[in-house]
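A.B. asks: I'd like to ask you about the structure that follows.
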Amino acid sequence: MIIHKLADKLNSVHSLTTEEYRFLIDNRTKEDEEYIKDLAVSARKKIYGNSVFVRGLIEISNICKNDCFYCGIRKSNKNCDRYRLSPEQIMLCAEEGYSLGFRTFVLQGGEDPFFSDEVLIKIIGEIKSSFPDCAVTLSMGERSRDSYERLYNAGADRYLLRHETANEEHYNMLHPPEMSYKNRMNCLKELRSTGYQVGAGFMVGSPFQTNAELAEDLKFIELFKPDMCGIGPFIPHKDTPFANKKAGTLEDTCFLLSVIRLIYPNILLPSTTALGTIHPRGRELGILSGANVVMPNLSPVNVRKKYELYDNKICTGEESAECRGCLEARMKSVGYEIVTDRGDIKK
Ligand code: SAH
């Protein structure tokens with residue numbers, strides 16, 4: 001009953017103390033999870049009905065100067081077969097995506113020095129002039145304030161930069177010393193003040209994470225109020241220092257999706273590929289927990305296997321049209337519908 005009361009409070013005031021978030025995570029039963037899920041789904045339906053927004057994900061490079069301990073494309077991974085897409089290849093992906101009904105393209109990649117401001121500005125300009133009704137989202141890691149401004153002025157609408165964990169010590173256990181929690185958080189603030197719609201997010205079940213860190217992540221989401229929040233289970237990659245660590249779970253991820261929906265009912269909340277990787281119906285179950293976005297892959301099939309952030313990533317063999325069709329059928333199977341729309345946050 002205490003958990004129901006906390007959930008009701010969250011549903012009405014959209015705020016709990018960090019201790020209360022912690023209590024909720026620590027003590028919830030299966031029955032409580034169902035209760036919270038029902039609240040989350042009705043909150044989501046009030047704002048977004050049964051529509052699911054789609055973003056076409058274009059993985060533009062797996063070359064990265066960073067060495068995040070969890071990530072399969074970290075620079076120390078000598079077994080990673082590196083690639084980068086040319087601006088022409090990126091445009092072809094966008095053209096195909098447009099004809100499949102995508103109105104948002106997400107350019108994601110490692111921190112590859114080839115993608116200078118100059119190169120990205122040209123690509124953003126071409127996409128925006130060919131498809132003025134589309135939103136462009138960047139997910140290219142940490143850059144300077146100047147760079148974020150230039151890319152914004154070139155037409156980029158949104159930027160995804162997961163904070164990864166809201167606890168500094170935990171951040172330092174996941175990243176090498178040359179990376180810093182303060183810089184990551186500062187980038188998020190700069191992105192917001194530049195004018196982007198901003199996405200933050202974290203991995204569920206990342207190594208050394210406890211419920212205390214998760215409670216801090218939830219408090220951070222409540223306070224920062226990102227327009228989007230990408231969460232998915234951590235999944236080990238065989239060629240990283242975390243190869244033998246345990247993956248995050250479906251149950252925890254779905255529960256946290258519901259809680260985040262209650263924290264900020266309007267938020268854009270993807271049901272991620274990582275969730276679809278740990279369970280055959282993970283993405284459907286994410287939607288049924290309160291998520292409202294899916295991000296099918298638009299990358300050329302010959303590079304998909306190479307953008308392997310974690311082991312056994314799904315959707316690496318299909319053509320874009322198949323991925324789009326497959327997700328459409330999956331969403332229909334649970335009573336939801338993919339819409340052709342930029343999918344902006346409803347405020
Ligand atoms: N370079 C960009 C894009 C990173 S890839 C950036 O820094 O933002 C996108 C996300 O994949 C990361 O933010 C991370 O949360 C997630 N990711 C990386 N490795 C993962 C793993 N092993 N398991 C689950 N998610 C992972």
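The values are calculated or read from the model by the stated rules, or taken from the named source; none is laboratory data. On a predicted model such as this, the values are computed, not experimentally measured, just so you know. Quick reminder, even Gly has a Cβ in these numbers, built from the backbone with ideal geometry, and neighbours come from all protein chains shown.
A.B. asks: Contact list please: Cβ distance under 9 Å, first residue in region 243-256 and without any contact (Cβ under 8 Å) to a residue 24 or more places away in the chain, second residue assigned to a loop (DSSP other than H, G, I, E, B) and more than 11 Å from the ligand (Cβ to nearest atom), pairs at least six apart or on different chains.
C.D. replies: Filtered contacts from region 243-256: no entries.
A.B. asks: Check ASN297, ASN312, ASN266 and return the single one that is touching a Leu at 6+ places or on another chain (Cβ under 7 Å) and either within 16 Å of the ligand (Cβ to nearest atom) or at pLDDT 95 or above (or both). Show your work before the answer.
C.D. replies: Values: ASN312 fails: touching a Leu at 6+ places or on another chain (Cβ under 7 Å); ASN266 fails: touching a Leu at 6+ places or on another chain (Cβ under 7 Å).
Selected residue: ASN297, the only one of ASN297, ASN312, ASN266 that is touching a Leu at 6+ places or on another chain (Cβ under 7 Å) and either within 16 Å of the ligand (Cβ to nearest atom) or at pLDDT 95 or above (or both).
A.B. asks: Looking at this structure, is GLU149 surrounded by fewer than 21 Cβ atoms within 10 Å (Cβ to Cβ), touching a Ser or Thr at 6+ places or on another chain (Cβ under 8 Å) and over 26 Å from PRO233 (Cα atoms)?
C.D. replies: Taking the combined requirement at face value, the residue satisfies it.
A.B. asks: Please identify the pairs in which a residue from region 61-73 that is of a type in the set (Gly, Ala, Ser) has its Cβ atom under 8 Å from the Cβ atom of a residue that is part of a loop (DSSP other than H, G, I, E, B) and within 6 Å of the ligand (Cβ to nearest atom), counting only partners at least 6 apart or on another chain.
C.D. replies: Qualifying pairs under 8 Å: SER61/GLY110; GLY72/HIS237; GLY72/LEU309; GLY72/TYR310.
A.B. asks: Could you please find all residues in region 108-146 being closer than 17 Å to ASN66 by Cβ, of a type in the set (A, V, I, L, M, F, W, C) and either outside any loop (DSSP other than H, G, I, E, B) or away from the ligand (no atom under 16 Å from the Cβ) (or both)?
C.D. replies: LEU138
A.B. asks: Considering only residues that are more than 21 Å from ILE58 (Cα to Cα) and of a type in the set (Ser, Thr, Tyr), look in region 147-174 and name the one that is farthest from the ligand (Cβ to nearest atom).
C.D. replies: In this case the residue turns out to be TYR171.
A.B. asks: Hey, can you tell me all the residues within region 234-263 that are more than 15 Å from PHE69 (Cα to Cα) and near the ligand (Cβ under 10 Å from one of its atoms)?
C.D. replies: GLY248
A.B. asks: Taking the stated definitions as given, is SER289 part of a loop (DSSP other than H, G, I, E, B) and either within 19 Å of GLN108 (Cα to Cα) or within 16 Å of the ligand (Cβ to nearest atom) (or both)?
C.D. replies: no
A quick yes/no check of all residues on (1) modelled with pLDDT of 95 or more; (2) closer than 30 Å to SER258 by Cβ; (3) touching a Pro at 6+ places or on another chain (Cβ under 9 Å); (4) among the polar types (S, T, N, Q):
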residue	(1), (2), (3), (4)
LYS46	yes, yes, yes, no
LYS78	yes, no, no, no
TYR83	yes, no, no, no
PRO87	yes, no, no, no
ARG103	yes, yes, no, no
GLY109	yes, no, no, no
ASP112	yes, no, no, no
ILE121	yes, no, no, no
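A.B. asks: OK, next. For region 204-228: of the residues being more than 18 Å from the chain's Cα centre (by Cα) and part of a loop (DSSP other than H, G, I, E, B), which is surrounded by the fewest Cβ atoms within 10 Å (Cβ to Cβ)?
C.D. replies: THR210
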